[in-house]
Amino acid sequence: NGYKTEYLVTEFEKHIIDMETGIRGYLLIREPIFLKPFYQAQKKIPIIYSQLTTLLSNAPLPVRQNLSKALNLSDQWAKNIKRLIKEKHSPVTKDLMAAKNMMDALRHETEKIEEYIARQRKTDIERARLINRRVLMSNWASFVLILILVAGFQLILWRRFKNIVDAR
């Protein structure tokens, strides 16, 4: 589950980068071919978001809020970019800066999600180690108990044998 979540966050980021890269190419050259990654990623992001929402449903509220913010920022950014695409003239610097700031905020939210996943994985590893230690201790305790039982049984047999020998 943790690996799938990590994979989906990475896919989410990959599609955001694809959108951003495609738009940069389009805004520089104004060739519609550069918009292909933008539109493909726009179709995939809601699917990934839905899967992440399901996987992170038990995550703490701030993590779920980070995910929601990331999707909202992605949608806002895409709307602004679509507006820039419709405009025939080159975009104004302030529009580009606004888009860049949104992208930076989006990256910040996905980093928070990645940090949560990393902490969760570390917790899972520590929990597994603790379980392994408990199992090992239990195995050693069982081994020692068996040794004590065998020694006790041998002592009982030795005493009976001695009683039989002494009785003759």
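The values are calculated or read from the model by the stated rules, or taken from the named source; none is laboratory data. Predicted, not measured: the structure shown is a model, and the values here were computed from it. We place every Cβ from the backbone using ideal geometry, glycine too, and count neighbours over all the protein chains shown. Side chains are part of the model used for accessible areas, which takes the heavy atoms of the whole protein and leaves out ligands, DNA and RNA. Shrake-Rupley method; radii C 1.70, N 1.55, O 1.52, S 1.80 Å.
Being over 21 Å from the mean Cα position of the chain (by Cα), open to solvent by less than 30 Å² (accessible area, probe 1.4 Å) and among the aliphatic types (A, V, I, L, M) is the filter here; which residues of region 1-59 pass it?
Residues satisfying the conditions are Met19, Ile23, Leu35.
Just to be sure before I move on: is Lys44 in a helix (DSSP H, G or I), touching a helix residue (DSSP H, G or I) at 6+ places or on another chain (Cβ under 7 Å) and modelled with pLDDT of 90 or more in the structure I sent?
The answer is yes for Lys44.
Is there a residue being out of contact with any Asp or Glu (no Cβ under 6 Å at 6 or more places or on another chain), among the small types (Gly, Ala, Ser) and closer than 30 Å to Gln120 by Cα anywhere in region 6-25?
no
Can you name the residue in region 60-80 that is more than 19 Å from Gln42 (Cα to Cα) and open to solvent by 80 Å² or more (accessible area, probe 1.4 Å) and is also nearest to the chain's Cα centre (by Cα) among such residues?
So, considering only residues that are more than 19 Å from Gln42 (Cα to Cα) and open to solvent by 80 Å² or more (accessible area, probe 1.4 Å), the one nearest to the chain's Cα centre (by Cα) is Arg64.
Tell me the residue from Asn66, Asn132, Asn72, Asn101 that is touching a helix residue (DSSP H, G or I) at 6+ places or on another chain (Cβ under 6 Å), polar (S, T, N, Q) and part of a helix (DSSP H, G or I), please.
Checking each option against the conditions leaves just Asn66.
Could you tell me whether region 161-168 includes any residue that is of a type in the set (Gly, Ala, Ser) and either surrounded by 10 or more Cβ atoms within 10 Å (Cβ to Cβ) or not in a helix (DSSP H, G or I) (or both)?
Here is the first cut: in region 161-168, the ones of a type in the set (Gly, Ala, Ser) are 167.
If we keep only those that are either surrounded by 10 or more Cβ atoms within 10 Å (Cβ to Cβ) or not in a helix (DSSP H, G or I) (or both) too, we end up with none.
The answer is no; no qualifying residue exists.
Can you name every residue in region 1-38 that is under 19 Å from Lys69 (Cα atoms) and in contact (Cβ under 8 Å) with a residue 60 or more places away in the chain?
Thr5, Glu6, Val9, Phe12, Glu13, Ile16, Met19, Glu20
Checking the conditions here, which among Asp95, Asp104 is farther than 30 Å from Arg121 by Cβ and open to solvent by less than 70 Å² (accessible area, probe 1.4 Å)? I'd like the intermediate steps shown before the answer.
Values: Asp104 fails: farther than 30 Å from Arg121 by Cβ.
Matching residue, one of Asp95, Asp104: Asp95.
Tell me whether region 81-88 contains one or more residues that are open to solvent by less than 90 Å² (accessible area, probe 1.4 Å) and under 30 Å from Glu6 (Cα atoms).
Among the residues of region 81-88, at least one is open to solvent by less than 90 Å² (accessible area, probe 1.4 Å) and under 30 Å from Glu6 (Cα atoms), which makes the answer yes.
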